[in-house]
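Read-outs throughout are calculated quantities, based only on the coordinates presented, and are distinct from any laboratory measurement. Just so you know, these numbers come straight off a predicted model, no measurement behind them. Every residue, glycine as well, gets a Cβ built from its backbone with ideal geometry; the counts of neighbours run over all protein chains shown.
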Amino acid sequence: MTGDQIREGFLDFFRQRGHTVVPSAPLVPENDPSLLFTNAGMVPFKQVFLGKETRPYRRAANSQKCLRISGKHNDLEQVGRDTYHHTFFEMLGNWSFGDYYKREAIEWAWELLTKVWKLPKDKLYATVYTTDDEAAALWAGRTDVGRDRILRFEAENFWEMGETGPCGPCSEIHIDRGPAACDRRADETHRCAVNGGCARYIELWNLVFIQHNRDAEGKLSDLPARHVDTGMGFERICTVLQGVGDNYAIDVLRTVVEAGERLSGKRYGATERDDVSLRVIADHGRAVTFLVADHILPSNEGRGYVLRRLLRRAARHGKLLGLERPFLHEVVGAVVQAMGRAYPEVAQQHRRIAEVVKGEEERFSATLDRGLALLSSEVEKARAAKARVLSGEVAFRLYDTYGFPLDLTEDIVAGEGLAVDKDGFERAMEAQRARGRGAQRFADAEAAPEMIAGGALASRFVGDRIVEWESEVLALLVEGQATRGPVCAGTAVDVVTAETPFYAESGGQVGDRGWLETGAGAKVEVTDTQKLAPTVVAHRGVVREGALAVGDRVRLRIDAARRDAARLNHSATHLLHAALRRRLGEHVKQAGSLVTPERLRFDFSHHGPVDDGALRDIEHETNAYIRANAEVTTEEMSYDDAIKAGALAFFGDKYGDRVSVVRMGDFSTELCGGTHVQRTGDIGVLKLRGESGVAAGVRRLEAVSGEGALELIRSHEAVLRDISALLRTPGEEAAARLEKLLAQQRELERRIAELQGKLAGGASRDLLADARHVDGITVLATRVEGLDEKGMREMVDRVRDRIKSGVVVLGAADGERALLVAGVTRDLTSRYHAGNIIKQLAPLVGGGGGGRPDFAQAGGKDPARLDEALAAAYELLGAGSR
């Protein structure tokens, strides 16, 4: 069964038993500040269990996407180091809200596992709470599980939502996967057992019976209604049902692992070090895809910081695999391929997710190498000093300068046998916070110096059509502290003047840049303009020449070309807003914006994605407003009068009693203090660049106007010319020609696969003549020609089918590489392990490999020794190699 079939089979089973199948809730819990992420299937129903909410159904089932990387449930350190921990995972669950209880939950769980999915009953165990005689009796009387496999535990079988609140006993179902599945065999003191802490006995399903409420004093009282809350690990049940011993070998994850293999040239199963990195990349690739799909963006705090940590940890493991360029955004495509059918939101947002991930990768890649070089040097120093701990100061420098999250540094040095001085890291962090508080730039009146907070300063904006002005310096701030000067060359400074033509950032439009100059030769390069208080504008920049003091007269000159480009994009947002409301409905409201000289970004309230047809209409409508060349007027009036006149308020702006109302013809009236064109025709043209979601009920449009739009059109034309030249066809015929070529390619690929299949089938009959009987079994170890890795895998399957019982080892030369594959028929996997066979043969061809008991593969750099390796296979199997 595929993962999709297993998931749907679970939901169908409970749908047939009266359950409402509900969609997965987002990874960000709604109205629950106690949780950073949804970490279990019950989280969306928490308020129901608490009695604060109701649902229109009493039975529910779903597959819930979960993330465990913070708080009580944090599996990050285990991810990659073993084969069954994940940050992102799916939880299959069924719930009863005061409806059925223990009997139905236990009977249905047993029925699904043993009758529908046909798991071996003699390998399953049921655990119950120490004093839960009712559940124990139901297992014994309502199922045919062996009584010796009904076990009682205390801590493991009592579930609590938190220190207080709904709770109750639980019953877990475990499966024995056999001694080979144990991952603690090297520990001579270890004994495999249910809840024994190894991978042999794994929990498949937890049935929680919510019947108590715990108060603040720890006292338990009975709830008025009893509920059922179950959770089954999707990846774990897929591993069992698909007959693989590794969660990363199930189809849903194998597709993502293969993307890592393809990008890095490494093979999963070849070396443990590479396997760890491939697992991390696969796991984190899934996690970041779903996080960004749920509108979380990389940042330095909260959920965005978790996303950033995952991206950067994956980037470091890519570096270990030899990947020197951003790559994780390509893994996103494999996640979409594997999971897009079950979770359409990742398929719908594929492009946006990839862009977000790639942008973060590119930002980090610039510092990753330098940070790794510093860390390597510090590790060597620690070794030389025989130290076991990396200093907290070094860890903080990696964090502060190179963007290394603390757990990434811990992860790297753990492989070198070192720990990190966390206390020292926290001391350095607190010292940085203290410096930050002292050097604050006073972004609001409460934090500003007394003269600003008290209203002693005020700056007047002289108008958006004026590009030069002369005024007096009223205040200078260096590192947040007021000074009268002189402030000399090389010093970063905030300059407050009595009047200014510089526009301070607000309403989404970025602040102006330019220069301040004095008659005495002082020059200040202004890199940003911000408001320190509602009436105080700071020109933020660096003194480049001379010295500046309070009282100096300065000439203020803005970068006029940059202002004009921003002006076009700002006016275009008003027209875009109007077109959106006309096309999608008056429920559309601005929810945020960014206006720069290069582009515009417009966030708006809307219930779902905007399709391509609607986007074309919106772009057409906006350009019709532009071509109308309507006059743009600005009028000052009271806020109440403006709203009564139908003016729309922009998101994020703070309005006083008097406001500026910007009118563009009869199609747009907005409250706005930004800079605008004189007529809509000045904008020239607008081109949309993309549409995406940024939060629940909020969409985003990105666009360019004026010269930026022309540049975009020119770049598209250049691409079309290049494609036309390559296809040797006119541009208007390029798409049809390309589709024809792609169809031909697909047909050729189909024929190649068909021919390879025939070749493998015919060759398998010929190869059987080389088979030998070794130690009472059929063994074939021989070379094949003309097959790639996929063809060799197919040939192994064909030969195994023909010999019915035996071992097959095939070798082939692929250029300068040697390929080896091994297969063992299922009846012999208890005697012979394909992975162990390959591990012993691979070094003979200068490589490494491994795999499952029934199939394994390897690569090497010495194809000249293939015959030697194949001959060794007969000797190895004759010696009874397992």
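List the relative contact order of the chain as a percent without decimals, with contacts defined as Cα pairs under 8 Å and 6+ residues apart. Don't skip to the answer; put the middle values down first.
On the way: 1686 pairs, mean separation 53.0, N = 882.
Computed over the chain, the figure is 6 percent.
Between the helical axis of 734-767 and the longest alpha-carbon principal axis of the chain there is an angle of about 20 degrees. Per-residue extension of 0.36 nm, minus the Cα-Cα distance of Thr130 and Val389, leaves a gain of 88.9 nm for this segment. For region 211-299, the calculated P(r) over all alpha carbon pairs, in 5 Å bins from 0 to the bin holding the longest distance, is 3, 11, 15, 14, 13, 9, 7, 9, 9, 5, 4, 1 percent.
So between Arg325 and Asp775, what do we pick up on full extension, going 0.36 nm a residue minus the alpha carbon distance?
Roughly 157.0 nm would be gained on extension.
Just the ratio, please: alpha-carbon radius of gyration of region 98-154 over 2.2 N^0.38 Å, N its number of residues.
Values: Rg = 11.2 Å, N = 57, 2.2 N^0.38 = 10.2 Å.
This ratio for region 98-154 stands at 1.10.
Once the cut-off is 14 Å, how many percent of the Cα-Cα pairs in region 677-757 end up in the long-distance tail? Percent of Cα pairs beyond 14 Å in region 677-757: 76.
With N the number of residues in region 35-168, Rg(Cα) / (2.2 N^0.38 Å) evaluates to 1.17. Using Cα atoms only, what is the angle between the long axis of helix 350-384 and the major principal axis of the chain, expressed in degrees (0 to 90) to the nearest 10? Once rounded, one gets 80 degrees.
With only alpha-carbon atoms in the gyration tensor, what are the semi-axes of the equivalent ellipsoid for region 137-193, in Å, largest first?
Details: eigenvalues 144, 82, 16 Å².
Here the semi-axes work out to 27, 20, 9 Å.
Hey, what's the Kirkwood Rh for the chain if you take every pair of different alpha carbons, in angstrom? List each step's numbers first, then the result.
Details: mean 1/r = 0.0308 Å⁻¹.
Across the chain, the inverse of the average 1/r is 32.4 Å.
Per residue, the chain reaches -12000 deg cm²/dmol at 222 nm when only DSSP H runs of four or more residues are counted, each adding -39500 (n - 2.57). Here, region 472-519 is characterised by an Rg to Rh ratio of 0.98, where Rg is the alpha-carbon radius of gyration and Rh the Kirkwood radius.
Once both labels are positioned 7 Å from their Cα atoms along Cα-to-Cβ, the gap between Ala180 and Met637 label points is 8.1 nm. The packing ranking of peptides 776-787, 268-279, 707-718, 203-214, highest mean first, is 203-214, 268-279, 776-787, 707-718, where packing means the average number of other beta carbon atoms within 10 angstrom of each residue.
Computed FRET efficiency, Cβ-Cβ of Ala193 and Glu702, R0 60 Å: what is it to the nearest 0.05?
Numbers: r = 57 Å, r/R0 = 0.95.
E between Ala193 and Glu702, to the nearest 0.05, is 0.60.
Each other residue within a Cβ distance under 12 Å of Arg273 adds +1 if Lys or Arg and -1 if Asp or Glu, for a net charge of 0. Counting only alpha carbon atoms, the long axis of helix 133-142 and the longest principal axis of the chain meet at about 50°. Between the listed residues His227, Thr189, Ile210, the Cα displaced farthest toward the positive end of the dipole of region 182-238, a dipole computed from Cβ unit charges relative to the Cα centre, is found at Thr189. Remark: spin-label model distance Lys804-Ile466 equals 9.9 nm, labels positioned 7 Å along the Cα→Cβ axis.
Which peptide among 378-390, 829-841 comes first, and what is the full order, when sorted by highest mean count of other Cβ atoms within 10 Å? Before the final figure, lay out each step's value.
Working: 378-390: 13.8, 829-841: 20.4.
By packing density, highest mean first, the sequence is 829-841, 378-390.
Determine, from the Cβ-Cβ distance of Lys118 and Gln481 and an R0 of 60 Å, the FRET efficiency 1/(1 + (r/R0)^6), rounded to the nearest 0.05. For R0 = 60 Å, the calculated efficiency reads 0.20.
Counted by Cβ distance under 14 Å from Val845, the other residues give a net charge of +1, where Lys and Arg count +1 and Asp and Glu count -1. Over region 678-750, Cα pairs under 8 Å with separation of 6+ residues give a relative contact order of 19 percent. Cα-Cα pairs above 17 Å in region 769-882: how many percent? Tail fraction, whole percent: 45.
Highest average first, the peptides 865-878, 89-102, 413-426, 322-335 ordered by how many other beta carbon atoms sit within 10 Å of their residues are 89-102, 322-335, 865-878, 413-426.
In this calculation the C-beta distance from Ala489 to Arg737 is compared with R0 = 56 Å, giving a FRET efficiency of 0.35.
Fully extending the segment from Thr54 to Leu768 would add 250.4 nm, taking 0.36 nm per residue of separation and subtracting the current Cα-Cα distance.
What does the net charge come to around Gly302 if you take all other residues with beta carbon closer than 12 Å to its beta carbon, with K and R at +1 and D and E at -1? Display every interim value, and only then the final one.
On the way: positive: Arg303, Arg308, Arg309; negative: Glu301.
Here the count lands on +2.
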